[in-house]
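Student: Dropping the structure in here first, questions after.
The values are calculated or read from the model by the stated rules, or taken from the named source; none is laboratory data. It should be emphasised that the depicted structure is a prediction, and the values quoted were computed from it without experimental measurement. Neighbour counts are summed over all protein chains in view; Cβ atoms, including those assigned to glycine, are modelled from backbone coordinates with ideal geometry. The protein model used for the area step is the full one, side chains on, heavy atoms only, and it has no ligands, DNA or RNA in it. Shrake-Rupley method; radii C 1.70, N 1.55, O 1.52, S 1.80 Å.
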Amino acid sequence: MKTITLTSKSKINNQVDLRNLSKIESSNNLKTIKNITILFDNREKRLHELFDIKIDQNKSSQFELILEGLNSNCNFLGWKWKHGLLKVKSNVGIFLGAKMLNGRIIVYGSVSNNCGAGMSNGTIIIKSNAKDFVCSNLPGQRSGMSGGVVIIKGNVGNYLGCRMRKGLIFVGGKTGKYCANNMIAGTIISKKGVGDFIGLGMKRGTIITNKKLPLTSGFVESGGDVVNYLKLLDKFF
């Protein structure tokens, strides 16, 4: 299968909208990829103006798109991603994997706000930290993540799983305030604890953490010792 590598020609100092990169497919030739349009500082640019493009064959059975030289100014990467592997060898900006449909996204760095917002399937793996509103609803929409798996090795900010409907979120570090705010269903695992105001407005779902939580009338405690269970999860996450 084909591997396409995009490397930034210089440091990206302005906001760039990369959602159109999800249009890249293994059948595309170099000319087609070069002429994909992206928004750079609210101006339309051709992909080849900002990125060097390399096409190789790999031994994998799946298509791979690799991004190098990105930073927190690079937004909407993996928008409606639905096939193959998207690999990011840096930090990345807001709305990574938003409305994701299938496939895998791996980030070897940190992500900004709204990672996995509105996703319905697929897997996102973040090797470092994530900021606020992971797997939440998109602006103007009522429901957040409705399926899939998100694994974050480091810490997460506030409003994790806000309005989440279905799926699994695993956090290897700590989680901030307002976790599971208005959560409808799904499972959140936070290995090193969560901040204040957890589960406000939560309807259904499961929260697993090693921190003792103050239970309100809307919660049922299903187990008191999860240390061994969390250690077991290390083998999978």
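Student: Mind checking the range 79-169 for chymotrypsin sites (Phe, Trp or Tyr not before Pro) that DSSP puts in a loop (not H, G, I, E or B) and that have at most 15 other Cβ atoms within 10 Å?
Tutor: Listed in order of number, the matching sites are Y108.
Student: Please calculate how many Å² of accessible area the chain carries per residue, with a 1.4 Å probe and no DNA, RNA or ligand atoms counted.
Tutor: Per residue, the chain has an accessible area of 49 Å².
Student: Keeping all protein chains in position, work out how much accessible area V149 exposes to a 1.4 Å probe, and write it in Å² to the nearest 10.
Tutor: 40 Å²
Student: Treating the beta-carbon of each Lys and Arg as +1 and of each Asp and Glu as -1, no other charges, what is the dipole magnitude of the chain about its Cα centre, to the nearest 20 debye?
Tutor: Result for the chain is approximately 200 debye, rounded to the nearest 20.
Student: Which value in deg cm²/dmol, rounded to the nearest 500, describes the helix-derived mean residue ellipticity at 222 nm for the chain, given -39,500 (n - 2.57) per DSSP H run of n ≥ 4 and division by the residue count?
Tutor: -1500 deg cm²/dmol
Student: Further question on the same structure: Please report the carbon-and-sulfur percent of the accessible area for the range 101-173; probe 1.4 Å, protein heavy atoms only, DNA, RNA and ligands left out.
Tutor: Of the solvent-accessible surface of the range 101-173, carbon and sulfur hold 43 percent.
Student: Considering only protein heavy atoms, what is the solvent-accessible area of C162 at a probe of 1.4 Å, reported in Å² to the nearest 10?
Tutor: Estimated to the nearest 10 Å², C162 gives 10 Å².
Student: Next up: Set the Förster distance to 22 Å, then compute FRET efficiency between Y108 and A185 from the Cβ-Cβ distance, nearest 0.05.
Tutor: Rounded to the nearest 0.05, the efficiency is 0.10.
Student: Continuing with this model, one more query. Leaving ligands, DNA and RNA out of it, report the carbon-plus-sulfur percent of the accessible area of the range 1-63 at a 1.4 Å probe.
Tutor: With neighbouring chains kept in place, the figure for the range 1-63 is 42 percent.
Student: Give the residue from N29, V150, S112 lying farthest towards the positive end of the charge dipole for the chain; charges sit on Cβ (+1 for Lys and Arg, -1 for Asp and Glu) and the dipole is referred to the Cα centre.
Tutor: So the residue furthest toward the plus end is N29.
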